Every structure is written in structure tokens, then in C-alpha cells.
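Structure first, then comments.
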Amino acid sequence: MALRKNRTVAGALTPLRAALLGLLAPLLLAGQGMGTEVYLTLEEAPRTVFPEADRWERKDIPVTAALSQRLKQLVGRAKPTIWEPFYISFIASKDGQVIGYAVICEEIGKHRPITFIAGVTPDGKVKDVAIMMYREPQGGEIRRRSFLKQFSGKRLSNPIMPRQDIQSLSGATLSVRAMSRGVRKALAVVQAVYLNPQERARTQQQ
């Protein structure tokens, strides 16, 4: 089933926005994107983390001042390196029932952004994580399922930190840290926007 697009929000032309709007697609797919590896398209990403769904509704989330403040509170000690001006998200449903939410985020590895999608269940747990684009010359081992599956079941109440509840990878230390920060950020977005109706109304105000 084709993705249903809810609305599009204008924003700054970050690497995420440019890539996902297709402005860099011909360059990247031709293998000329300065070492960028493209693993999942915008169409494929939500299906990867929620393959059992039969409907994926896209919703673009603008980051208001209130939402920005709330996200920073929710991530706690984590210090994301990128605060996106908006987030591309998806509501995944099966047989008419919402089974989860997926959010696309970016975090800086060593020098360049890692673009990924995180699927979150309605009770606030990570269901799955998948890498969409990787731009660093090293550290690509974070794509391995043996690494990514560590995030499954994690909540905002968990540390989600290397050497605590996330095992690091030799040669990919900075990328592991980036993904740990990024997954926590994705959980915060889902919590603030989808899982608490009262909080959602408050954070959508300018």
C-alpha cells in the first residue's frame, strides 16, 4: 500500500530535508555522493521497522519553541548534535488499529550525519531501528542487526548509553554514541507528539 502523506512543512534545507525530498537522489544513487551509502528510501523506511503494518500515514512534525524545549527535557543527559527543524514521521496501522510510530532522525557520527528511522510501539518502547544513509568512511558496522537489535525494547527510562545498556563496536565508537543519542531523541519525539495528548496540544503551540 502506498504511503499516505498528511502534510508537508517548510523548513531549512538540512541534509535530511534535501536527501528525503529527492534533491540529492540522482547523485547518491549514482554513487557520487561523497561516500554516502543509501540503504533505505523514504518509501522503504517505515515498512522496514513496521513490516506487519498495512497502512503507513506520513505526518511531518514542525518543531515549535514549546516542542523544542520539551524534547530537550525528555532526552535528559543525552546531548543531540542535530536539532531538526521538523521531523518526518509515520503512523503505522494494521486492520485499522495503530500499532506504532516511526520517526526519521539524524545525528552526527564523527563528521557527518547518520540518517536513520526508529519504530516505537504505542507503549513507548523501541520496536526496531534501521539505517537509511551512512556518510562516514568508517563505523558502518552500526548497520549490523546484532548491533541495532540492542535498542529494541528500550524506553526513555533506560540509559540508552554505550557501556551501560548498549554495547559498543570496535572502530565505530563515535557512530555508536551518535545512534544512542539519536534513538533517545526519536523516543522523545514520539513521547511528546503521539503518546501524551495533553502534552501534544501544548507542544504544538508556537
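The values are calculated or read from the model by the stated rules, or taken from the named source; none is laboratory data. On a predicted model such as this, the values are computed, not experimentally measured, just so you know. All Cβ positions, even for glycine, are placed from backbone atoms using ideal geometry, and neighbour counts span all protein chains on display.
Overview of results
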quantity: Residues located in segment 108-127, provided they are of a type outside the set (A, V, I, L, M, F, W, C), within 14 Å of GLY182 (Cβ to Cβ) and touching a Ser or Thr at 6+ places or on another chain (Cβ under 6 Å); calculated: GLY109
quantity: Residue in segment 55-75 that is within 21 Å of MET179 (Cβ to Cβ), of a type outside the set (Gly, Ala, Ser) and part of a strand (DSSP E or B) present; calculated: yes
quantity: Check on ASP123, closer than 24 Å to LEU71 by Cα, loosely packed, with under 15 Cβ neighbours inside 10 Å and of a type outside the set (A, V, I, L, M); calculated: yes
quantity: Candidate set: segment 132-147, residues that are outside any loop (DSSP other than H, G, I, E, B), touching a helix residue (DSSP H, G or I) at 6+ places or on another chain (Cβ under 7 Å) and not aromatic (Phe, Trp, Tyr); chosen: the one surrounded by the fewest Cβ atoms within 10 Å (Cβ to Cβ); calculated: GLU141
quantity: Which listed residue is under 10 Å from the mean Cα position of the chain (by Cα), closer than 21 Å to TRP83 by Cβ, of a type in the set (A, V, I, L, M) and part of a helix (DSSP H, G or I), from VAL183, VAL129; calculated: VAL183
quantity: Residues of segment 87-121 classified as outside any strand (DSSP E or B) and either over 16 Å from the mean Cα position of the chain (by Cα) or aliphatic (A, V, I, L, M) (or both), total; calculated: 4
quantity: Boolean, ILE142 is within 15 Å of ARG181 (Cα to Cα), aliphatic (A, V, I, L, M) and free of Cβ contacts under 8 Å to residues at least 40 places away in the same chain; calculated: yes
quantity: Output for segment 148-166, where each listed residue is modelled with pLDDT of 95 or more, in a loop (DSSP other than H, G, I, E, B) and either on the phi > 0 side of the Ramachandran plot or among the charged types (D, E, K, R) (or both); calculated: GLY153, LYS154, ARG155, ILE160, ASP165
quantity: Failed criterion for ARG7 (all others in (1) farther than 23 Å from ARG135 by Cβ; (2) outside any loop (DSSP other than H, G, I, E, B); (3) modelled with pLDDT under 95; (4) of a type in the set (Lys, Arg) hold); calculated: (2)
quantity: Top-ranked residue of segment 167-177 - restricted to ones that are part of a helix (DSSP H, G or I) and touching a helix residue (DSSP H, G or I) at 6+ places or on another chain (Cβ under 7 Å), ranked as nearest to LYS125 (Cα to Cα); calculated: VAL176
